[in-house]
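A short reminder: the numbers here are calculations on the coordinates, not readings from a lab. In this text the structure is predicted, and so the values were computed from the model without any measurement. Neighbour counts run over all protein chains shown; Cβ positions are idealised from the backbone, glycine included.
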Amino acid sequence: MFNKTLTELADGLARGEYTSRELTDYFLERIKRLDPSLNSFITLSEDYAHVQADQADQRRKQGQAAPLTGIPIAQKDIFCTEGIKTTCASKMLDSFIAPYNAHVVERFAQEGAVLLGKTNMDEFAMGSSNENSHYGPVLNPWNLDTVPGGSSGGSAAAVAARLAPAATGTDTGGSIRQPAALCGITGIKPTYGRVSRYGMIAFASSLDQGGPLTQTCADAALVLSAMAGFDPRDSTCVDQPVPDYTKALDEKIAGLRIGLPKEYFGEGLDPNVACVIEAALKEYEKLGAKLVEISLKHSAMAGPAYYIIAPAECSSNLARYDGVRYGYRCDDPKNLEDLYKRSRAEGFGAEVKRRIMIGTYALSAGYYEAYYIKAQQIRRLLRDDFLNAFKEVDVIMGPTTPSVAFNLGEKSDDPLSMYLSDIYTIAVNLAGLPALSIPAGFVDEKPVGLQIIGNYFEEGRLLNVGHQYQQVTSWHRVLPAFAKGGL
Amino acid sequence: MSAKPTFSEEIVAKVAHLARLELKPADLPPYHEGLSRILAWIEQMAAIDTQGIEPMAHPFDLAQPLREDKVTEADPEGKQQRKFQALAPAIAAGLYLVPKVIE
């Protein structure tokens, strides 16, 4: 049962093999039994899940079921949920209960999906290992000594361990794709503006984008169809119709032109990961695709530009946490300045403070031109590299990450080496493009992700290209032993 | 980028103040060292010629959509206000409380 895909579970519900209430209880029981070893959830919403599951069963009886009706899902704890704690894995929001629902949460509720709980993450989505959580690190179900990636590490670990058929994530520099890769699941970051950011706690507003983490591309197509769409409450949300992403899945891909950026296969890439990616590319050749070497020549600058732009936006966005209107307040403030400074120093963790400091510095008088403007100019060069490449090719492929999952603590004392674990994912956010990560094999029994980058609003094509690979391979069906435990 | 003053502990202290983050004197050296390493890596950007390149603030070169300036969620009974203020650490009579600012 637990290794069924979301699509298979939806079919089972439609056929009446089980009710949503039974399915929901099944996953809640798995979470209670297995999650103490993983720490992938911050909050379980059991009572609310029961209410939603019963409503879903009623709705189905009335013949009103939508594709996701009755399907249990997990939400990253960055999406506001009315009446259920939303912490962003920060001490700052440890007791925060949002007064409204995020657009994405509303959309799932309208579809009749069931909220199992809120997943662990790096604090305010800043991190690549899920070690920056106020609630402790999440462990990777493939190997409990390793990290699941981040920042959507709880969502990725939960789906990989089959504690939820699907989960949401957010991706500012790789935070859906990198944990999806390290946990051996499918994750898609949509085009910037495709999914509303209303009620999604802001980190870097010109980069943040929500998307699904699932077992398969077919599942991601179902979930993204529900998440995407125009919302006037997010002024950057794009008013364009949402295609039914499941429709394009079965299209053949013969003749597909796949661009391979030489910068993504050079220094810094683990040679064993490179072998796995090369084998995946051979599969695509067998499916009739053509491989074309391309160059994204400013790639090496993506990291430096990102680590100015994202912290700059973060320093501005996180100025709202002042200990006055909501969130943590220090004890016995001497005066207003002391209230601000100690509430923020005590409420934020080390990485969040580091990024606020970098951003504040980059935006301060005398440095703005050299850092922030310069980074924005490089951002345009990076975007233009992609646009030029898409004149020659249909999609771009490469590794999602330079190595497989690393050990807990291995990089946590060295922010710079942590930042380098996102070298293949961050340029996509700077450009605002959609990109997918799918399981492509293993190195030392640890999953490897293949990244597929598309042109703007080509989520349908990405999922089609990923799905065709998943029709001829079974990497996405391989389970971590942990998920089979205690059967 | 060569004309900038050296990134010093004084600058770290000033930035922490601007960001309203309390930084104890003992924390200054490790912060300074950590941030210096990151900034040195970021400095690679200086090698790229960006003369005449328009800065890109946003993934799409779109104009900001504006809406009419009118109340869309009226709250005559203050229900929303009470709901939002229930999250505050300290309130009184519908106001947020902070330590005294003016003697």
For A:LEU336 and B:ALA93, FRET efficiency with R0 = 22 Å and r from the beta-carbon atoms, rounded to 0.05? 0.70
Could you go through segment A:419-427 in sequence order and give the Karplus-derived ³J(HN,Hα) for each residue, using 6.51 cos²θ - 1.76 cosθ + 1.60 with θ = phi - 60°, rounded to whole Hz, and x for Gly and Pro? 4, 6, 6, 10, 4, 8, 9, 6, 4
Formal net charge of residues neighbouring A:TYR306 (Cβ-Cβ distance under 9 Å; K, R +1; D, E -1): 0
Taking Cα pairs closer than 8 Å and at least 6 residues apart, the relative contact order of chain A in percent is 18 percent
Ranked highest first by average number of other Cβ atoms within 10 Å, how do B:52-60, A:443-451, A:116-124 line up? A:116-124, A:443-451, B:52-60
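Just to confirm a number: summing +1 for Lys and Arg and -1 for Asp and Glu over residues other than B:LEU87 whose beta-carbon lies under 15 angstrom from that of B:LEU87, what do you get?
Overall, the nearby charge balance is +4.
Efficiency by 1/(1 + (r/R0)^6): what FRET value for A:SER95 and B:ALA57, r their Cβ-Cβ distance, R0 = 41 Å, to the nearest 0.05?
Numbers: r = 35 Å, r/R0 = 0.85.
Once the sixth-power term is evaluated, E becomes 0.75.
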With Cα coordinates, the longest principal axis of chain B makes an angle with the long axis of helix B:9-18, in degrees rounded to 10, of 20 degrees
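By how many nm would the segment from A:GLN62 to A:ASN272 grow when fully extended, if each residue of separation counts as 0.36 nm and the alpha-carbon distance is taken off?
Stretched fully, the A:GLN62-A:ASN272 segment lengthens by 70.3 nm.
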Report, in listed order, any pair from A:LYS91/A:LYS334; A:LYS290/A:LYS374; A:LYS76/A:LYS391 with a Cα-Cα distance greater than 26 Å. A:LYS290/A:LYS374; A:LYS76/A:LYS391
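If you take every DSSP beta bridge whose two residues both sit in the protein assembly as shown, what share of them, in percent to the nearest 5, is antiparallel? Intermediate values should be presented prior to the final figure.
Numbers: 32 of 45 bridges.
In the protein assembly as shown, DSSP labels about 70 percent of beta bridges as antiparallel.
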Average partner coverage of B:46-57, which counts Cβ from other chains inside 10 Å: 6
Spin-label model distance (nm) - A:ALA254 vs B:ALA26, 7 Å beyond Cα toward Cβ: 7.1 nm
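At R0 = 41 Å, how high is the FRET efficiency between A:VAL51 and B:ARG67 if r is their beta carbon distance? Nearest 0.05 is fine.
Values: r = 35 Å, r/R0 = 0.84.
Between A:VAL51 and B:ARG67 the formula returns 0.75.
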How far apart, in nm, are the 7 Å Cα→Cβ label points at A:VAL292 and A:ASP384? 2.0 nm
Give the distance, in whole Å, between the Cα centre of segment A:185-232 and the Cα centre of segment A:18-37. 25 Å
Using packing as a proxy for protection, rank B:89-95, B:12-18, A:289-295 so that the peptide with the highest average count of other Cβ atoms within 10 Å comes first. B:12-18, A:289-295, B:89-95
Can you list the residues, at least 5 places off or on another chain, whose amide H is less than 5 Å from the amide H of A:THR43, using H built in the peptide plane? A:LYS118
Distance in nm between pseudo-label sites at B:GLU43 and B:ALA13 (7 Å out along the Cβ direction from Cα): 2.3 nm
Just report the Cα centroid separation between segment A:368-388 and segment A:107-147, whole Å. 31 Å
